[in-house]
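The structure under discussion appears below in the form of structure tokens.
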Amino acid sequence: MTETTKPRLLVLIGPTAVGKTKMSIELAKSFGCEIISGDSMQVYRGMDIGTAKISKDEMEGIPHHLIDIHEPDYPYSVAEFQEQTGRLINDITNRGHLPFIVGGTGLYIESVCYGFRFSETGADEEFREEQFKYAEEHGAEALHRKLAEVDPESAERLHPNDLRRVVRALEIFHLTGTPHSAQLAAQKKESPYHLCLVGLTMDRQMLYNRIEERIDLMLQQGLVDEVTSLMDKGYAPGLVSMQGLGYKEIVSYLQGKYSYEEAVELLKRDTRRFAKRQLSWFRHMKDIEWVDVTDSENFSASYKKIHDIIAGKLLSNIEYNSKKTN
């Protein structure tokens with residue numbers, strides 16, 4: 001299949017709080033896109049504030065997919081995301097629109113862009129239970145250090161509290177003797193799509209300031225009440241969803257493990273570290289056209305740069321309308 005006959009796919013990536021949402025809406029209006037969320041946490045209903053989920057008003061009529069599709073106790077996986085997104089890309093293309101993935105979950109997005117094959121490595125339930133027990137007894141950080149010894153690259157990309165994925169990476173090494181990161185690196189990095197990958201970046205300190213401002217806004221919007229409501233509904237703190245940024249820190253505050261001030265500071269620190277890991281992941285990906293949006297006051301200049309990149313990459317053989325959204 002040649003580049004011109006492959007389905008077209010637009011992707012906008014970047015760290016949390018860099019400004020993907022606003023940019024994605026303006027681009028979607030220009031290029032007749034339907035947006036597919038590439039965020040592994042926005043699939044969960046009732047988890048709106050802590051995930052900075054886009055509101056209906058903010059969507060401005062642009063169709064969005066893979067948002068609010070599961071309850072918080074559902075174990076969403078990268079393999080499911082890949083399957084659903086592949087189907088959506090076909091459907092959106094058949095409707096005459098441009099599929100547009102927007103998000104920051106590196107493995108999820110890369111798995112679609114390059115058609116990763118997720119082999120059924122198998123499972124060792126006894127080993128898995130041992131690892132969860134080890135984390136319970138010695139702490140998530142101690143388990144994360146075990147992963148760092150055998151698969152430092154995966155450890156760098158996974159937060160210690162992401163127990164399910166840390167345990168799975170350890171399990172893959174246990175079963176195969178090969179680090180999970182090495183298996184991913186060995187994948188054939190050829191896209192099944194005519195791909196346009198755009199990455200947003202900005203001055204690191206400015207990004208960190210934006211992260212802290214966003215967290216302050218989340219708290220004003222009622223993040224503590226949102227987490228309290230989830231716990232009242234019976235969603236356990238150990239769930240993958242409840243281990244997400246903004247949730248695990250507030251859970252710890254509500255359980256009395258930290259003061260409010262300590263929990264907020266921990267959330268800001270962990271989110272800064274998460275943004276750093278996101279950038280580390282994306283830097284390993286190829287084909288990304290990076291656009292520096294540090295001058296956030298000059299949105300139109302950044303938008304024009306990105307618009308021109310997309311037009312040059314994708315518009316040679318497609319027809320689009322600047323307001324095409326149906």
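The values are calculated or read from the model by the stated rules, or taken from the named source; none is laboratory data. Since the structure is predicted, the reported quantities are computational estimates derived from the model, not experimental observations. Backbone-built Cβ (ideal geometry, glycine too); neighbour counts: all protein chains shown.
A few remarks follow.
- Here the condition is being touching a residue at least 24 places away in the same chain (Cβ under 8 Å), in contact with a Leu (Cβ under 6 Å, 6 or more places away or on another chain) and either farther than 20 Å from G222 by Cβ or not in a loop (DSSP other than H, G, I, E, B) (or both); of I36, I25, I62, it holds for I36 alone.
Table: residues versus (1) surrounded by 24 or more Cβ atoms within 10 Å (Cβ to Cβ); (2) at pLDDT 95 or above; (3) at positive phi.
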residue	(1), (2), (3)
E3	no, no, no
L10	yes, yes, no
V18	yes, yes, no
T21	no, yes, no
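- Subset of the stretch 269-285 [touching a Phe, Trp or Tyr at 6+ places or on another chain (Cβ under 9 Å) and surrounded by fewer than 17 Cβ atoms within 10 Å (Cβ to Cβ)]: none
- Failed item, numbered, when G177 is tested on (1) assigned by TED's automatic domain parsing to the domain that holds V291; (2) out of contact with any helix residue (DSSP H, G or I) (no Cβ under 9 Å at 6 or more places or on another chain): (1)
- The criterion of being touching a residue at least 24 places away in the same chain (Cβ under 8 Å), closer than 26 Å to Y74 by Cβ and either of a type in the set (A, V, I, L, M) or out of contact with any Phe, Trp or Tyr (no Cβ under 6 Å at 6 or more places or on another chain) (or both) does not hold for D203.
- Check on I306, in contact with a strand residue (DSSP E or B) (Cβ under 9 Å, 6 or more places away or on another chain) and either closer than 30 Å to L158 by Cα or at pLDDT 95 or above (or both): yes
- First in the stretch 131-155 and within 10 Å of V167 (Cα to Cα), second anywhere and in a helix (DSSP H, G or I) and polar (S, T, N, Q), Cβ under 7 Å, 6 or more apart: L143/Q131; L147/S154
- Sole exception among (1) farther than 22 Å from K6 by Cβ; (2) surrounded by 15 or more Cβ atoms within 10 Å (Cβ to Cβ) for F81, by number: (1)
Listed here are the residues, each with its yes/no results for (1) assigned by TED's automatic domain parsing to the domain that holds S280; (2) modelled with pLDDT of 80 or more; (3) surrounded by fewer than 20 Cβ atoms within 10 Å (Cβ to Cβ); (4) in contact with a His (Cβ under 9 Å, 6 or more places away or on another chain).
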site: G103; (1), (2), (3), (4): yes, yes, no, no
site: S111; (1), (2), (3), (4): yes, yes, no, no
site: E137; (1), (2), (3), (4): no, yes, yes, no
site: D151; (1), (2), (3), (4): no, yes, no, yes
site: H159; (1), (2), (3), (4): no, no, yes, yes
site: G199; (1), (2), (3), (4): yes, yes, no, no
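- Hits in the stretch 246-275 (condition: in contact (Cβ under 8 Å) with a residue 60 or more places away in the chain and among the charged types (D, E, K, R)): K248, D270, R272, R273
- Residues satisfying the stated conditions in the stretch 252-283, i.e. among the small types (G, A, S) and touching a helix residue (DSSP H, G or I) at 6+ places or on another chain (Cβ under 8 Å): S252, S259, A263, A275, S280
- The one condition in (1) surrounded by 20 or more Cβ atoms within 10 Å (Cβ to Cβ); (2) under 21 Å from the mean Cα position of the chain (by Cα); (3) modelled with pLDDT of 85 or more that M206 fails to fulfil: (1)
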